[in-house]
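First up is the structure itself, then whatever we jot down about it.
The values are calculated or read from the model by the stated rules, or taken from the named source; none is laboratory data. Since this is a predicted model, take the numbers as computed values, not measurements. Heads up, the Cβs are rebuilt from the backbone with ideal geometry, glycines too, and the neighbour counts pull from every protein chain shown. Please note that ligands, DNA and RNA were not included when accessible areas were found on the heavy atoms of the full protein model with its side chains. Shrake-Rupley method; radii C 1.70, N 1.55, O 1.52, S 1.80 Å.
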Amino acid sequence: MDQISQEHTLNFNEEEILAKPAAAHTLSAKSSVTFVGVEVPLHHRLASSDPVDPESSLSLDEKIVSWKDFQNDVIPDKKHGRLVRNLRFQLWNVYRRLFTVVFIANMAIFVAFCVRGASVPKLGQVAIANIFVTVLFRQEYVINALFAIMCSAPKSWPLWIRCNICTRVYSLPGGIHSGSGVSGTIWLILFAGQATRNFVDGGEVSSATLGVTYAILLLLLAIVVFAYPSLRSKQHDTFEYIHRFMGWSAVALVWAQVVSLNNDFKGTQSLARALRTNPTFWLVVILTASIALPWVRLRKESVRSEVLSDHALRLYFDYDRPVPGSFIRISTDPLTEWHSFATIKEPGKKGFSVIVSRAGDWTSEIIASPPYSIWVRGIPTTGVMRIVPLFRRVVVVATGSGIGPCAPHVFARKSKIQLLWTASNVRETFGDHLVDSLLEASPNTIIYDTRKNGKPDMVKLVARLVKEFEAEAVCIISNPPLTRKVVYGMMSRGIPAFGAIWDS
């Protein structure tokens, strides 16, 4: 970063500066000066015949030179018609495509079974197989393995492969999880109907099997209903409780169902042999282990707390070395409430940190009373930002505490990154250490203070950065409305863009 003593004054020709590439620098000794939205070359800062703007004078107080020229940019027109755009990038996104593929494949087999007929045990196997896939694609080790494989593609591969195949990994677990979960519930309805008919006709199915089956069905229906996106977002805590406790109850009942059903149809062989030779039994063993494994790794970790402001807290952990793009789950009450936070690994330093930003009662309490230890479940798990190293040059956009998932990639320097961070009172909220660390790792970082400059037109600003940085893609971490707006604004103009999909 450029170093300028406080007695120098800033003079520049506005028209000439506005023609320069968009960037921002923080110039600091003990304090800093942030130029937001415009790169001011050193010779413009030190020498000019233009009048001196007193608001632009460098001093120990932070000054902001705001640049609104990008708001008048003419960005490329959207491609395709409105119907096609909305269908492709909003209604028919990758998550929903995966859900549909899984669901239609199941329903095709479902119709075939209804037409041709199928035994009760066979229907039970298909239902359990779907539940098995549902659980497996939410298992931490499976998710990490999928990301590791798909994100190992070299940057030399064609962009269309990296964008259209490799990056889709972040939609893969959620799409398959939900598709299999809904399909498994429908298969269980068919199983219950067939088992009821068998029971009424005096067949092999026992009353115990039938009773357990309907209990499982009620639990799965409740889970599916509360997992519906709009209901889940409005009643997220209720969704979490139902998903966890009813899910555990359903697994326990599935064990009872498998044992009872095998006992009903074991014939002359022993129950132990019937279970050993039945694939359904082993699927239930694996899915139970998958659910239990993160809880087996439940522990209370020591943590060092740094209060950044009354809005944010940084927690430092001394264990593990998570890859950029990972998150951990932490809690003060492990049975009821869990929260996910992105891990920030700084090169050359032991452990990692997370930024907790005020967003509700739990975060407010932990910021007000910083902990010395905290419950941690499972292992660091990778998410959408794990895809950043797939690109040679990428614009990374963060708003507010969304800087948490983005910062590790800036520090890792595995790709050339243009970071845009918009937030209110950045230094006052998140502290000098984090801001200075980011600027040291990536001097071209743009820090846009929304409190001093207002909210920018993010689509226009990001589009300009993509053009000037010659980026291959955009990755954004923000709130749902802005994420969807920016991703749609880029994708509809032919610019690859990726953001969280809030599928859990």
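Taking residue 435 as the residue in question, decide whether it is buried (at least 20 other Cβ atoms within 10 Å of the Cβ), in contact with a Ser or Thr (Cβ under 9 Å, 6 or more places away or on another chain), β-branched (Val, Ile, Thr) and assigned to a helix (DSSP H, G or I). Yes. Suppose we keep only residues that are assigned to a helix (DSSP H, G or I), open to solvent by 50 Å² or more (accessible area, probe 1.4 Å) and of a type in the set (S, T, N, Q) within the stretch 212-237. Which one would you say is nearest to residue 186 (Cα to Cα)? Ranking the qualifying residues of the stretch 212-237, first place goes to 230.
Candidates are the residues of the stretch 416-428 that are polar (S, T, N, Q) and crowded, with 21+ Cβ neighbours inside 10 Å; the one that is nearest to residue 465 (Cα to Cα) is 418. Which residue is most open to solvent (accessible area, probe 1.4 Å), if the candidates are limited to the stretch 183-211 and must be at negative phi and not in a helix (DSSP H, G or I)? The qualifying residue most open to solvent (accessible area, probe 1.4 Å) is 201.
Yes/no matrix, rows are residues, columns are (1) among the acidic types (Asp, Glu); (2) surrounded by fewer than 19 Cβ atoms within 10 Å (Cβ to Cβ); (3) not in a helix (DSSP H, G or I):
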| position | (1), (2), (3) |
| --- | --- |
| 255 | no, yes, no |
| 258 | no, no, no |
| 263 | no, yes, no |
| 268 | no, yes, yes |
| 283 | no, no, no |
| 289 | no, yes, no |
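Inspect the stretch 332-344 for any residue being within 22 Å of residue 383 (Cα to Cα), of a type in the set (A, V, I, L, M) and surrounded by fewer than 19 Cβ atoms within 10 Å (Cβ to Cβ) and give the result as yes or no. For the stretch 332-344, residues within 22 Å of residue 383 (Cα to Cα), of a type in the set (A, V, I, L, M) and surrounded by fewer than 19 Cβ atoms within 10 Å (Cβ to Cβ): absent.
Residue by residue through the stretch 307-331, note down the ones that are outside any loop (DSSP other than H, G, I, E, B), within 24 Å of residue 150 (Cβ to Cβ), open to solvent by less than 40 Å² (accessible area, probe 1.4 Å) and not polar (S, T, N, Q). Across the stretch 307-331, the qualifying residue is only 328.
Taking the listed residues 494, 489, the one that is of a type in the set (Gly, Ala, Ser) and open to solvent by 10 Å² or more (accessible area, probe 1.4 Å) is 494, with no other qualifying.
Look at the stretch 427-445: where a residue is over 15 Å from residue 408 (Cβ atoms) and a partner is among the hydroxyl-bearing types (Ser, Thr, Tyr) and open to solvent by 10 Å² or more (accessible area, probe 1.4 Å), sitting 6+ places away or on another chain with Cβ atoms under 7 Å, you get 428/309; 429/309; 436/28. Assessment of the stretch 344-353 against the conditions (within 21 Å of residue 297 (Cβ to Cβ), without any contact (Cβ under 8 Å) to a residue 60 or more places away in the chain and not in a loop (DSSP other than H, G, I, E, B)) yields at least one matching residue. In the condition set (1) open to solvent by 40 Å² or more (accessible area, probe 1.4 Å); (2) more than 29 Å from residue 274 (Cα to Cα), residue 162 is compliant with all but (1). Would you check if there is a residue in the stretch 360-368 being out of contact with any Asp or Glu (no Cβ under 7 Å at 6 or more places or on another chain), assigned to a loop (DSSP other than H, G, I, E, B) and surrounded by fewer than 17 Cβ atoms within 10 Å (Cβ to Cβ)? The answer is yes; a qualifying residue exists.
Kindly evaluate residue 176 against the criterion of being within 19 Å of residue 122 (Cβ to Cβ), among the β-branched types (Val, Ile, Thr) and in contact (Cβ under 8 Å) with a residue 24 or more places away in the chain. So residue 176 fails the test.
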